[in-house]
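Okay, so here's the structure we're looking at.
The values are calculated or read from the model by the stated rules, or taken from the named source; none is laboratory data. All of these numbers come straight from a predicted model, not from anything done at the bench. Glycine also receives a Cβ, built like all others from the backbone with ideal geometry; neighbour counts cover every protein chain displayed. Keep in mind that these areas ignore ligands, DNA and RNA; they rest on the heavy atoms of the full protein, side chains included. Shrake-Rupley method; radii C 1.70, N 1.55, O 1.52, S 1.80 Å.
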Amino acid sequence: DAGVTQSPTHLIKTRGQQVTLRCSPKSGHDTVSWYQQALGQGPQFIFQYYEEEERQRGNFPDRFSGHQFPNYSSELNVNALLLGDSALYLCASSLWLDEQFFGPGTRLTVL
Amino acid sequence: SQQGEEDPQALSIQEGENATMNCSYKTSINNLQWYRQNSGRGLVHLILIRSNEREKHSGRLRVTLDTSKKSSSLLITASRAADTASYFCATVTAIGNTPLVFGKGTRLSVIA
């Protein structure tokens, strides 16, 4: 049984560009949460998807948007990239608010 | 602001010694979870303790929770070099069951 998978592993973009990150949840999980982790910090909650709807959102601007598909996989989109968006983006899946299982993350560098 | 704050920020011990990390939080919780992260990679779930529990064990890990002091501790016994990692506590708050809120972590170095 594959755990949570994320793609791509690494990504380099320039300021102003747009990026899409992808996440496939652990088998049997229906909820996907996204987190941003800056260097030396703990992960910060971006938003959570359940039944293809955004259920909860952290303190992130509208430039951050997402989507959940019928197969429970999810995408995180960031528009108009800023240097400060450089971070490790983590996806976690769960059965609603039960234990969350994290993927390996996508390292985004904005130049 | 972050809900959980780990203490100390960094800890260096010899292999075989015990490591204790503490976590304090601000609001009432549904549960508290500890995670390990190696070198900026994904987080590995270690243990979950619910608000009505006081202590849990898992292998070499022992977690305590004191809801009156809004604090938790993670004890790793007989540490190994492979335990070198960052350790985070994360809470699920009682009100609204909001998703995980992480602290800044404790960086543990176990020297062989």
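What the table below lists for this structure:
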read-out: FRET E, pair B:Ser39, A:Leu83, Förster distance 30 Å, beta-carbon r, rounded to 0.05; value: 0.85
read-out: Cα centroid of region B:55-112 to Cα centroid of region B:1-52, whole Å; value: 3 Å
read-out: At R0 = 30 Å, FRET efficiency that the Cβ-Cβ distance of A:Thr14 and A:Arg57 yields, to 0.05; value: 0.65
read-out: Calculated P(r) tail over 32 Å for the protein assembly as shown, as whole % of Cα pairs; value: 18 percent
read-out: Spatially near lysine pairs across the protein assembly as shown, Cα under 20 Å, sequence gap of 8 or more or different chains; value: 7
read-out: Occluded residues from region A:37-58, i.e. those whose accessible area drops by 20 Å² or more once the chain is not alone (1.4 Å probe); value: A:Gln37, A:Gln41, A:Gly42, A:Pro43, A:Gln44, A:Phe45, A:Gln56
read-out: Residue-normalised accessible area of the protein assembly as shown, given per residue in Å² at a 1.4 Å probe; value: 47 Å²
read-out: Region B:26-69 shape via C-alpha gyration tensor axes, a/c threshold 1.5; value: oblate
read-out: Calculated FRET efficiency for the pair A:Thr109/A:His67, C-beta based, R₀ 25 Å, to 0.05; value: 0.60
read-out: Global size of region A:5-95 as Cα Rg and Dmax, reported in angstrom; value: 12.5, 37
read-out: Order of exposure, largest accessible area first, which applies to A:Thr14, B:Thr91 with probe 1.4 Å; value: A:Thr14, B:Thr91
read-out: In range of the label at B:Ala81: residues from region B:12-30 whose backbone nitrogen is under 11 Å from the point 7 Å along Cα→Cβ; value: B:15
read-out: Carbon + sulfur, % of accessible area of the protein assembly as shown - ligands and nucleic acids excluded, 1.4 Å; value: 48 percent
read-out: Averaged over A:99-106, number of beta-carbon atoms from partner chains that fall within 10 Å; value: 5
read-out: Chains A and B together, accessible area buried on both sides, 1.4 angstrom probe, square angstrom; value: 1500 Å²
read-out: Cα gyration tensor shape of region B:33-112, rounded if a/c is under 1.5, else prolate or oblate by comparing a/b with b/c; value: oblate
read-out: Inter-part distance where region A:52-70 and region A:84-107 are each reduced to a Cα centre, Å; value: 13 Å
